[in-house]
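Working notes, structure below.
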Amino acid sequence: MPASQVQARGTAADDRWPSAGAGEDPAGAGEDRNGAGEERIGAGAGAGFRVAWRRRLCPSSFALAGLTAVIVWVAVTALLRRGQLATVLSAGRAELAAPLLVALVVATSICEQIWPAERRPVLAHGHVQDACFVALHAVVVIPLMTLLSVGAATLLAGHAPWIELRATEHWPGWLLIPVTVVAMDGANWLAHYADHRLDPLWRFHALHHSQEELSVLTSFRAHPLMHTTGFLLATIPVVALMPARPIAPVLITIYVCIGTLQHANLRWTFGPAGRVLVSPAYHRLHHAPDTQDVNLGVVLTIWDVLAGLAQFPSRADAVGRTGLDGRPVPVEQDDSAGSALLLLAEQLAEPFHARGIG
Ligand SMILES: [Zn+2]
Ligand SMILES: [Zn+2]
């Protein structure tokens with residue numbers, strides 16, 4: 001990458017992280033003040049340590065980790081009490097790692113080689129790194145998602161039982177299930193909107209947007225803690241509308257499949273259906289460095305349309321680049337990047353590091 005381009009990207013990145021960047025300067029100023037204090041009273045070591053701690057770590061990220069731990073703890077204790085922990089984890093795996101999803105990923109990977117939006121080697125850096133995220137997803141994220149869902153439902157039922165709409169008990173399934181899935185998609189849109197608007201959440205979402213070589217595997221490139229607010233919000237309509245009935249696992253799997261396809265390295269717009277369903281070309285615009293504020297839909301585009309944030313692509317459009325200006329998150333395309341696993345650890349640790357954002 002030309003040096004001038006790196007410089008330009010760095011400037012844009014500084015704009016993208018206003019509150020965090022602003023947070024560093026006062027800390028630095030605080031350190032200077034503390035240094036003066038040490039000279040005056042010779043007892044500033046404790047304060048100096050606190051300032052250094054503040055400069056190095058991001059408290060909001062630890063708060064989100066703590067919230068996640070509480071929800072998981074609620075889920076585990078509730079399931080252990082009912083003797084259902086293993087059963088529920090296994091059901092979650094069946095929904096979120098279903099053969100249908102695996103088949104979709106394999107078939108889409110083949111299509112990406114035949115009709116790529118951007119031609120690149122099978123073992124491109126981005127593909128290898130995102131494959132590591134697939135492994136992390138299978139081992140860590142799927143059980144986490146399952147427990148977040150159970151924990152959020154348990155908390156809602158225990159502390160806000162009034163949200164359960166008993167009137168829907170008599171609705172026929174053909175009406176209730178689509179309404180619930182659409183409402184769940186709306187909650188997911190809201191969570192995604194919050195990921196982009198609130199800096200503490202963006203710190204975790206940025207990893208997903210850092211991919212410069214989009215592929216179907218990028219669907220799994222996400223910080224595990226990015227899912228906490230999404231599951232908290234998406235559980236609300238499910239508990240409200242279907243408190244006594246679970247959504248059929250196959251519907252969850254189909255929903256996840258549509259949400260996975262959107263990262264494919266394909267120019268597909270889905271034709272007329274693309275006005276309603278999020279297509280790879282539609283979502284790619286959301287991954288462009290300069291249009292991240294549009295096309296936030298997860299499966300349905302209606303929320304973007306209602307919010308005035310929909311930008312529909314056409315097949316004639318040029319394929320734009322993706323990623324984050326200035327590379328605030330360490331990426332595999334950087335010449336100085338270490339091995340895939342080492343980089344994975346750096347990427348997962350980055351939101352906790354206050355100085356990793358500039
Ligand atoms: Zn996003
Ligand atoms: Zn995405």
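Residue farthest toward the positive end of the dipole of region 195-300, with Cβ of Lys/Arg at +1 and Asp/Glu at -1: which of VAL276, MET242, GLY297? Farthest along the dipole direction, towards plus: MET242. Projecting the Cα atoms of VAL122, VAL140, LEU100 onto the dipole axis of region 74-162, where Lys and Arg carry +1 and Asp and Glu carry -1 at the beta carbon, places VAL140 farthest toward the positive end.
Using a cut-off of 10 Å between beta-carbons, work out the net charge of the residues near HIS286 (Lys and Arg +1, Asp and Glu -1, HIS286 not included). It works out to a net charge of -1.
Computed from the C-beta positions of VAL128 and ALA94, the FRET efficiency with R₀ = 41 Å rounds to 0.90. Going by neighbour counts of Cβ atoms within 10 Å, the residues VAL122, VAL181 line up, fewest first, as VAL122, VAL181.
Taking amide H positions as modeled 1.01 Å from N, with prolines and chain starts lacking one, the residues under 5 Å from LEU300 and 5 or more places away or on another chain are VAL278. Grouping the Cα pair distances of region 125-222 into 5 Å bins from zero gives a pair-distance distribution of 2, 10, 12, 17, 21, 15, 9, 8, 4, 1, 0 percent in increasing distance order. For LEU101, LEU341, LEU156, the sequence from fewest to most other C-beta atoms within 10 Å is LEU341, LEU101, LEU156.
Taking label positions 7 Å along the Cα-Cβ direction at both GLN113 and THR77, the computed distance is 5.0 nm, reported to one decimal. If you take all other residues with their beta carbon under 14 Å from the beta carbon of MET145, and give Lys and Arg +1 and Asp and Glu -1, the sum is 0. For region 222-324, just say rounded, prolate or oblate: build the C-alpha gyration tensor, square-root its eigenvalues into a ≥ b ≥ c, call rounded for a/c under 1.5, and beyond that prolate if a/b exceeds b/c, oblate if not. Taking the square roots of the gyration eigenvalues as a ≥ b ≥ c, region 222-324 is prolate. Loop-located GluC sites (Glu not before Pro) in region 169-273 (DSSP state other than H, G, I, E, B) with a sparse environment of at most 16 neighbouring Cβ atoms within 10 Å are absent.
Bear in mind these aren't lab numbers, they're just calculated from the coordinates by the rules spelled out. Keep in mind that what you see is a predicted model, and the values were worked out from it rather than measured. Cβ: placed from backbone, ideal geometry, glycine included. Neighbour counts: every protein chain shown.
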